[in-house]
Structures are given as C-alpha cells and as structure tokens.
Amino acid sequence: MNFHVLTLFPEMIEDGFNTSITGRALQNGTITLDAVNIRDYSTNKHMRVDDYPYGGGAGMVMQAEPVHLAYQALQQKLGKERLRVIYLTPQGNVFSQPMAEELAKEEDLVFLCGHYEGIDERVLEMIVTDYVSIGDYVLTGGELPALVMMDAISRLVPQVLNNEVSAEFESFHDNLLEYPQYTRPEEYMGKRVPDILLSGHHAKIEQWRREQSLKRTLERRPELLDGNEALTKKDKEYLQKLRG
Ligand code: 6GU
C-alpha cells in the first residue's frame, strides 16, 4: 500500500503516522508514505497557494494550480493516468469500516487535504474521485481525517498487524462491539477477573465472549443489531432473554 498525501503540512502527516504500528509498517516497507507539500508547486514568487474568494466572504481559498501541478507530478512519478484521489471534507460520505476495506484493496491512494475555506472547486472536479468525511463536526483541515483513514486502512493491509487474527476479532467483527478484555492481576482494587476466563474451558469462554458482545451492543449501539445477518439462532435467543 502506497499512501500519497497532498497537504500544506507534510510534517503533521509524517509525525502522525511514524509511531506505533503504522510506524513499524513504514520501517519494514509494508506501507509507504509520501507527504507532498502543495506549496512546493506554487508558481507565485511569494510561494502563495491561497487567495480571496470570488463573490466575497470570510477566509481564503486554496488555488487550483498548485494542487493540480502537485497531482500531475504524482501521475508522472507513478506512471498512472487514473488514481484514486480522496478529498477530505465534512461534505463527503461518512467514513466506515466497509469503506476502509474497499480502499485497502488499492495499490496507491492519494489524500488531498484542504485548509482555510477549502479548495477551488474546479480542480476538485478535475481530480477528485471520492469525497470523504470522518463525522459530523468541523475540523480546521484534512490532515487529521487523512491520518484517521490511513490508520484504519493500514491495519487491513496484510502483514501490518503482527497477530494475523486480530484484524478479524475486533470491534465490528460481525458488526458487533467487542467483548471486555482483562489481564494480570486476577484481582485489582477488589475487582476480580470473571471466573470463566480463568477456567481454561475454551468453548465456554467463546460462548461467554459472544454473549458479552451481544449484551454490550444491545446496551451501547442497539442499532447495530437491527437486521444484522451475522446473528445466529442462539444469539437471537440470548438477546430475547436480555430484553426480558
Ligand atoms: Cl474530512 N475535513 C474537515 N475539515 N472537517 C471534517 C472532516 C473532514 N470530517 C469531519 N469533519
């Protein structure tokens, strides 16, 4: 997986990605990251990349040309005419695990990060293939959303997680929330680890964990249960019992 990020703050992208699991994936070459400074493609003698909005209004707008030139340089470098270009904007489709799974299949992904009041619409029409938001709130720029997306996509790339099974057994496995986890000591401030987890009885532990997932999902995210096709007859009986 090769990530390319067009941004005015490349150090924010590099620093944000270079730690922990994503940092290790960069070090061992499973993932590459190329943070391109859009300002390097300014043709203005003062290296400006923004200007006042036509029609008036608050703030500044990023100009089309530097973004377009940065994109064309990337096309040249990769020898690819068509690229998946994701523009981070609160006006986009809301990012989700299925979207991460789909994007993880690509060889190259380009993230375009806007700042100020956004980017000149004309270059967006020319190069953007996907408009994506990370939720209904407003951020100052697209860098944190790009990092959020790259993190979620990275952990789906084969070889990125050291434990191969952990990408499957997670929150949103079967679209249910994950069961609670415990580690040593067996008792902390008078609170004991559930006995079943110390029993060594694997089938019973699996059943307990499934029930905890169902209980937690019912309590915290009940909408995930509506029409959930992963629910077995046994799951549904347990949910009936919980609902009383
Ligand atoms: Cl992708 N960008 C910005 N600026 N704000 C956001 C967002 C994206 N997603 C939610 N809020």
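The values are calculated or read from the model by the stated rules, or taken from the named source; none is laboratory data. In this text, all values refer to a predicted model and were calculated from it rather than measured experimentally. When we count neighbours, we look across all protein chains shown, and the Cβ atoms used for this are built from the backbone with ideal geometry, even at glycine. Surface accessibility is based on the protein's heavy atoms, side chains included, excluding ligands, DNA and RNA. Shrake-Rupley method; radii C 1.70, N 1.55, O 1.52, S 1.80 Å.
Points to keep in mind about this one:
- Within segment 89-108, residues that are more than 18 Å from Tyr131 (Cβ to Cβ) reach partners that are assigned to a helix (DSSP H, G or I) and more than 12 Å from the ligand (Cβ to nearest atom) with beta carbons closer than 7 Å, at six or more positions or on different chains, in the pairs Ala104/Ile153; Asp108/Leu78.
- Applying the condition of being touching a residue at least 40 places away in the same chain (Cβ under 8 Å) and farther than 13 Å from Glu143 by Cα to segment 4-23 and asking which residue is least open to solvent (accessible area, probe 1.4 Å) yields Thr22.
- Restricting segment 97-117 to residues that are closer than 23 Å to Thr30 by Cα and in a loop (DSSP other than H, G, I, E, B) leaves a set whose member that is least open to solvent (accessible area, probe 1.4 Å) is Ala104.
- Among the residues making up segment 135-154, those that are of a type in the set (Asp, Glu) and surrounded by fewer than 16 Cβ atoms within 10 Å (Cβ to Cβ) are Asp136, Asp151.
- Some residue of segment 72-92 being at pLDDT below 95 and surrounded by 15 or more Cβ atoms within 10 Å (Cβ to Cβ): no
- Pair list, Cβ < 9 Å and 6+ apart or interchain, from segment 174-193 residues that are touching a residue at least 40 places away in the same chain (Cβ under 8 Å) and within 18 Å of Asp235 (Cα to Cα) to residues that are part of a loop (DSSP other than H, G, I, E, B) and among the small types (Gly, Ala, Ser): Asp174/Ala230; Asn175/Ala230; Leu176/Ala230; Leu177/Ser171
- Residue check, Thr140 assigned to a loop (DSSP other than H, G, I, E, B) and near the ligand (Cβ under 10 Å from one of its atoms): yes
- Only residues that are hydrophobic (A, V, I, L, M, F, W, C) and under 17 Å from Pro98 (Cβ atoms) were counted across segment 117-134, and they come to 2.
For every residue, the table says whether it meets (1) surrounded by 15 or more Cβ atoms within 10 Å (Cβ to Cβ); (2) part of a strand (DSSP E or B); (3) among the hydroxyl-bearing types (Ser, Thr, Tyr).
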{"position": "Val132", "(1), (2), (3)": "yes, yes, no"}
{"position": "Leu214", "(1), (2), (3)": "yes, no, no"}
{"position": "Glu223", "(1), (2), (3)": "no, no, no"}
{"position": "Asp226", "(1), (2), (3)": "no, no, no"}
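- For Tyr179, the criteria (1) surrounded by 12 or more Cβ atoms within 10 Å (Cβ to Cβ); (2) within 16 Å of the ligand (Cβ to nearest atom) hold in every case but one, which is (2).
- Evaluation of Ile86 against the conditions (1) part of a helix (DSSP H, G or I); (2) touching an Asp or Glu at 6+ places or on another chain (Cβ under 6 Å) shows that the sole unmet condition is (1).
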